[in-house]
Structures are given as C-alpha cells and as structure tokens.
Amino acid sequence: NCELYPMRSFFPFSVPVFFLTFFLVSAAQGQSGGIRGRVTDAETDAQLPGANVIVRAVEQGRSDSVETADVRGAATDGEGRFAFDGLPAGSYTVRVSYIGYEPRVLTDVVVRPGRVTSVDAALNSTAYSAEEVEVTAGYFTAVKAEDVSVAAFSGEEIRRSPGSAGDVSRIMMVLPSVAKVNDQSNSLIVRGGSPLENAFFVDGIEVPNINHFPAQGSSGGPLGLLPVDLIRDVTFSAGGFPARFGDRLSSVMDISFRDGDRERILGQADLNFAGFGGLLEGPVGEKGSWILSARRSYLDLLVSAIDIGTSVAPWYGDAALKVSYELSPAHRISVLGLWSDDHNNPDAETAAENDMQYYGRQDIYNYTGGVSWRALWNAQTFTTTSLSYTGMDFDEQFLKTGSGLPLLRNDSRESWVQLRTETRWKAGPAFSLEFGGDVKALRSSYDNRYGAAPDELGNPRPEFTFQRDINTMQSGVFATAVLSPLPALTVSAGLRAQHTEWNDRVVIEPRAAVALQLSDLTSVSASGGVYTQSLPLLLLAQDDANRGLENPRALHGVLSLSHLLTESTRLTLEGYVKEYDRFPVDPDQAGLFLVDEMNYRYGFFMPHGRLQSTGQARSRGVELTLQKKLARDFYGIASASYSTSRYTDAEGVERPRVYDNRLLFSIEGGYKPSAEWEFSVRWIYAGGAPYTPMDAAASAAARQEVLDAGRINAERHPDYHSMNVRVDRRFHFDSSALVVYLSVWNAYNRQNIAGYIWDDGNKRVKTLYQWGLLPIFGVEWEF
C-alpha cells in the first residue's frame, strides 16, 4: 500500500535542474587527497607489519602495466597501517602483498580533494611454498570453502550502479541468484525463496529490515534506508552460508560501515532520489572517529508548494551513526545506530486515482542500536562480541478502496535484545576454528483487528480481533573447523544448534564445504547444509495451536566452478538445489503457498487460524556470471540463469511458485574515460512470473479481487526487460568536490506489467504497469 505514486510527477522537474547545475559549475584543478588503511589477517584480524602496499592511479586509455602508470609504494608500520598523501584526485587501485599470504588488489578507491579515503585489506594466508604453483590472485581472492555463492561489492560500486539509486538491495538484482520482482520493490527473491528468507547484518548486528515502508514479517520494501556513503563493502551469500549465520533459509547480506575521518571534521550534502540530507564525520581524540548521516524525503514538501495532481504524499526519513574507538591496538569498540520513520495517509479519492486497492494511514518506525567489541587476544585469536536492541513499530489502518469497508487495524510493537559472540582461532596455515553463539530475547505486543472480508479465494472470513503480548527467546551455538590438508584443498565442516522457545524446538544444522584449486586459474568448490527458520510471530500467535508448528527447513546443495580469464576478469558457473519442507499451510486456502502471500498483498493482511507444517517446495537452477573489475577504464558484470521453483500444496498438487521466472539475464557495466566522467548502463531480462487469474464474477460480487481457485499460478506475466543508463560528472575544487549525476530508468519506456487488480468502479480486471521512463537526478557536495 506504500507505492510512492506521486514521485512520478516530480521526476520531470529533475531534468532542468540537472542541466542548470551542470552548466553553472565549472571544473577546477583540485588539490590532492590521500589514502590510508590497515592490512590484517583475514582469519584472525591480526595486523600485518611490513606488508608491501602499491597505489596506482587508474589511467584510462593506457596500458595496465606498472611501468606506464603512476605508482607509489610503502610498507605497513608496526600496527599494519599505511598512508599515502598528496595523491591527485581520481580513481586508484591498491595492491597489497605479504609473505605467506595471497596478494590482493582493491579497486574503486576514489581520492577526493582535501579528504582521506580509508581502505582495509584483509589477506588470506596460503600454504603454497616457493617451489609450488602460486595461485593468481589480485582483483579476485582465491576461492575458499566458505566462498560458494558469495558476491562482494564496494560502496563505490553500489553508489554508481545505474538503476539502484544507492539502494544496496537493488544492486543485487544484477546477480543470477536474485530474481526481478518489479520496479516498485527491492524485495530479494533468492533462488526461488520468498522475501521472508533473507537476513541482514550491519557491522555484525542483525537488522530485520533495511528498507523504508517495510513489509511486516518480511525483508522487502520500496526504498533502502541505509546511506550508501556510509557503506564500505557488502558481502552477499545466496546459499550454503556457514554455521555462524542462522534462522534464515535463503540468503545473508553482511554490510560493513566505514569509519569517519580521524583528522578533521568533514561534511557532505546530498540531493537525490531518496531525499535530501547529508553527513558529518570527524575524530574522537586521536584513536577514534564518528560519522553521522541524516536524510528526509522531499515529496510532501513539493506537493505542499506545487499543484502536481495529488493532495497527499508519503514522507520518510532516516539517520545512521557510527562511532569507533581503539582502546588499544588489540581492543576496539564501535557503536552503531540506525533510525527510520515512514508516513503515508492517502484518502479514498487519491487511492482510486492511483489504482490502490486500499488506503488509510501508515506510521512505521524502525530503529536499531548496538555496541560491538573486537578483542585481539594474540596473533592467532580474536573475538567479536555485540549487544544490540532492535525495534519496529507499526501503526496502520487500511480500508478497501472500492467499498470503504475496514480491512486492517494494525497496532504492533516488535523488539528484541540480542547478544552475539564469535571467536576465531588460527592454529596455523592448515587449520582454523570458528565458534560462538547468539541469544535473542523477543518482546511483541499486538492489538490488531481484521475486517470481515473474503480471503484471496473468496472464502468468507469473519471479523477477527487479535490482542496479545509475547515474551520469548531464541538462541543458537555454532562451531566451524576449516582444514587445508593439501595446499590446494580447503575443507570446512560446521554444526549449528538452534533453539526456539515459542514452539520448544531444538534443531541441529550440519553444514560443510570444500574448495579445490585445480590450477593457478581454475578452482572448483561445493557446499551443502541444513537451514531452519522461525516464522513471524505476527502469523503464529493468532492461534495457540500454532505453537506445535515445526520451523520451516531447507537443504542446500551448491556446486561451483570458477576460472580467471584475466587478472581482473572471472567466469563462474554454479548449480544448486534447494529442498524445503515444514512450511505452514492454511487448510482453508489449500492451493496457495502461505509464505508467498506477500505477493498478493503487501503483508499478512488476512488472519490465519490453525496452520499445518506440511508445505513443501523445491528450487533448482544453474547460473553463469562473468565479472570484470575496474583495472583501467571498463568494468562490468554479466549473468544468466535458468531455474525452476515449485511447491506442493495442502492437497498434494505441485505448482510453480510466484517467483518462478525460469530465465534471468542481466548485464551491467561502465566506462570511465577520465577521472571526471563516468558512463554506465544496466539491462535486465526476466521470464514472466506465474500468477493466478481472477474470477471476474466472484470479484464483482465481493467488490474486491478474488482469485480463481481452479487456476492457481496457471498463467504467466509477459517477460520483463528494461534498461537503465547513468552519467556521472565529478568536479574537483581546492578543498571540496561535487558529483552530479543523471540516471534514466527504463530508458526505452518498456511497458512492463506489475500485476492485475480488480477495478470495482468499472467491474473489470485492470492491468497495472511498472514505472515507465523515469529520469533521476542527484547532487553530492563533499566539503
């Protein structure tokens, strides 16, 4: 219900503003900036003094050889730190090497006038001797046992991605493991799984949803709330992830925020798709830093000032804070704070004009605060411990657009306190051990009322009131051993035990992975394991009988082949299987798959009574990825996949899931002819997803959408495809920099179908389309 419909009317205003800004600004020869960083052991976080660091400018149109590029070198000090000052503004690569470790190249390191760019290089140890074949590393690290189905992106790669608008979730849609839903949503559909199945961590602290207007009980939304300028890097695992991550069936996104500047106070002001705002950063004494970001949408302000055809508009804001301080070289404390608030209040007239099936008031608050302690006990052992508090408040009231009858009154408060600890011990280059645990105390309060209305299949549902306070616990412990019996072979074996107090279930989850380096260019790896997940309390607590439900379970199997075509280009082929069972099903909706209800309504808008744990599903697929890192002037990633995703309903009938796109293809890349200009493009194709057509007669009688129970997921939408293009222009001044960009979504104005709704006014099925051609303008001023 949170479609940001009035934004379409605003985007034409961005085009003249873009050109006005562009022509008013003249470039100046900027002063220099710097690069500083730290080199550590990837397994123990121990500093590596004496490491060799080479910084090289990315020079377009010239050879990649060191002899023809501007190069500076240095060695790390006793704390593993390095620094380069007086570097001209532009893009750089940082190559790090150390005896006994695989060399690594960091790309997309942008130097800005008067600023210091911080980078961290974590190196993997190697068991290769001088006489043996040395693995070609550099832009891609050698594949380890736990690297199956893992993709990594830097903050700069996310910022510049066309079609992402700085949203960390949207850039993942270029991966072959993530299906395209529609332009209005950034929900991650990972290898056929629903948005319920994804986990997010920010600096080691779990965050339930990283989006504005979140779908309760799920992980999706229309817009991301994390400021891209705070993101250092992102690691995304699409399956087979290690035992330290639990309570999720499909994927884990691990996000790291960068530290603030340690020398002086710096600032940045932004105006872009997500709103206007900025950030400040600066030092805390001599051993720490802070960084604060705050943003607010501007659409409601524009609507108040200019008549653009609507009287109301959603508005939202967010803030993020990170404080870091080194108590000593071995002990570090960091504090994380995240906050967002979302508000929407369309009336019946606005809802009808914008094809909204329901209308009403939304006030949503999402907040997380936590502290993390990293302790390096010795050169072989370190521990990371975090304590956090997370809350989500929903105050919503929706009515049906056609009839005005009440649909839902949602007054929910969900929160938890979580303690997580993880220790890594490296006995030597051939063996390491990772172990730890987490405990989560959950508190939820519900005061909800569901209006009397037919469900998706037209079954009558009486009015239902749901009032309940819940206090419960979840906990887990894990251990993973990583062994390298041969220099080219890595084996990982892990075990996780998970306890859910609500249904008093203890599950054991074995997981294993293996990686074999066939040559200095080619590697093969495989992983498998058992994964379970607790269901949303909003769904379970509606009937006490649901305490007996099992936790849904998934069995992952992944096989991967990786080959380096060049030092900066890698080709990866993966095949996977996912077998699900113990999913909840509603006997009153025997043909539907309950966890896919998010596809029919934006959340669990219908009550569900006694459920059964008999649902089954399966996903299978093959994926191909070609990735080119920015070594000189071109970069890009191309991917393709073919997959199937099906479920077995309560009556034993097998059907395709709503996320069964079958064929996915995407290509994204860019060209940097100079340090000032950058051009990029993204094209995505997705096969038509299944849907259930409506029963027109039943819909007319009910004055709402009623699905045809005899044709569940029997039809398919037309194929989706669209192109996004973007141009960035950097202006470097004496002590500041300006970035101006213009992005065009759906550049050739493809009419992609978002879905079908019941038009009660005209008593017919109406087609809804996704965004047409959409210009997006942005400005970033760094000072």
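The values are calculated or read from the model by the stated rules, or taken from the named source; none is laboratory data. Predicted, not measured: the structure shown is a model, and the values here were computed from it. Cβ sites come from the backbone with ideal geometry, for glycine too, and all protein chains shown count toward neighbours. With ligands, DNA and RNA removed, areas are computed over all heavy atoms of the protein, side chains included. Shrake-Rupley method; radii C 1.70, N 1.55, O 1.52, S 1.80 Å.
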**Request:** Compute the acute angle (0 to 90°) between the alpha-carbon long axis of helix 7-24 and the principal axis of greatest extent of the alpha-carbon atoms of the chain; round to the nearest 10°.
**Result:** 30 degrees
**Prompt:** Using the heavy atoms of the protein chains alone and a 1.4 angstrom probe, what is the accessible area of the chain per residue in square angstrom?
**Reply:** 37 Å²
**Asked** What distance in nm separates the simple spin-label points at Tyr389 and Tyr642, each placed 7 Å from Cα in the Cβ direction?
**Response** 5.4 nm
**Fill in**
Simple spin-label estimate for Arg729/Arg232, 7 Å along Cα→Cβ, in nm, reads 3.4 nm
**Request:** Under 27 Å between C-alpha atoms is the cut-off here; go through the chain and count lysine pairs that meet it, provided they're at least eight residues apart or on different chains.
**Result:** 14
**Item:** Net length gained if the chain between Arg461 and Trp339 were fully extended (0.36 nm per residue, minus Cα distance)
**Value:** 40.3 nm
**Prompt:** Cα centroids of region 745-769 and region 146-205: how far apart, whole angstrom?
**Reply:** 26 Å
**Prompt:** Assuming R0 = 35 Å, what is the FRET efficiency of Ala152 and Val653, from their Cβ-Cβ distance, to the nearest 0.05?
**Reply:** 0.30
**Request:** Would you tally the net charge around Leu495, using a Cβ to Cβ cut-off of less than 13 Å, leaving Leu495 out, and scoring K and R as +1, D and E as -1?
**Result:** +1
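May I ask you to derive the relative contact order of the chain, considering only C-alpha pairs under 8 Å and at least 6 residues apart, and to give it as an integer percent?
Relative CO of the chain lands at 12 percent.
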**Prompt:** Using the beta-carbon distance between Ala348 and Val765 and R0 = 25 Å, what value does 1/(1 + (r/R0)^6) give for FRET efficiency, to the nearest 0.05?
**Reply:** 0.75
**Item:** Given 16 as the ceiling on other Cβ atoms within 10 Å, longest exposed-site-free region of the chain for GluC sites (Glu not before Pro) in DSSP loops
**Value:** 287-462
**Message:** Let me check I have the definition right: for region 624-669, take the eigenvalues of the Cα gyration tensor, multiply each by 5, take square roots. What are those semi-axes in whole Å, largest first?
**Reply:** 37, 7, 7
**Complete:** Whole-Å distance linking the alpha carbon centroid of region 364-410 with that of region 414-433 is 22 Å
**Item:** Antiparallel bridge percentage (DSSP; both residues within region 72-223; nearest 5)
**Value:** 95 percent
**Complete:** Low-density loop trypsin sites (Lys or Arg not before Pro), region 688-783, at most 13 other Cβ within 10 Å, DSSP non-H/G/I/E/B, are Lys763
**Request:** Report the FRET efficiency, 1/(1 + (r/R0)^6), for Tyr365 and Leu489, where r is their Cβ-Cβ distance and R0 is 56 Å, rounded to 0.05.
**Result:** 0.65
**Request:** Can you give me the three principal axis dimensions of region 404-559 from its C-alpha atoms, in Å, biggest first?
**Result:** 68, 34, 26
**Request:** Please report, in debye to the nearest 20, how large the charge dipole of the chain is about its Cα centre when each Lys and Arg carries +1 at its beta carbon and each Asp and Glu carries -1 there.
**Result:** 680 debye
**Item:** Globularity index of the chain, i.e. its alpha-carbon radius of gyration over 2.2 N^0.38 Å
**Value:** 0.94
**Message:** Using Cα-Cα distances under 8 Å and only pairs 6 or more residues apart, what relative contact order does region 424-511 have, in percent?
**Reply:** 26 percent
**Prompt:** Per the 1.4 Å probe, what fraction of the accessible area of the chain, in percent, lies on carbon and sulfur atoms?
**Reply:** 57 percent
**Message:** Multiplying the sequence separation of Glu715 and Leu327 by 0.36 nm and subtracting their Cα-Cα distance, what value in nm do you get?
**Reply:** 133.6 nm
**Complete:** Once both label points are put 7 Å beyond Cα along the C-beta direction, the Glu567-Ala481 separation in nm becomes 3.9 nm
**Message:** Nearest 500 deg cm²/dmol is fine: what mean residue ellipticity at 222 nm does the chain get from its DSSP H runs of n ≥ 4 alone, each adding -39,500 (n - 2.57), divided by its residue count?
**Reply:** -1500 deg cm²/dmol
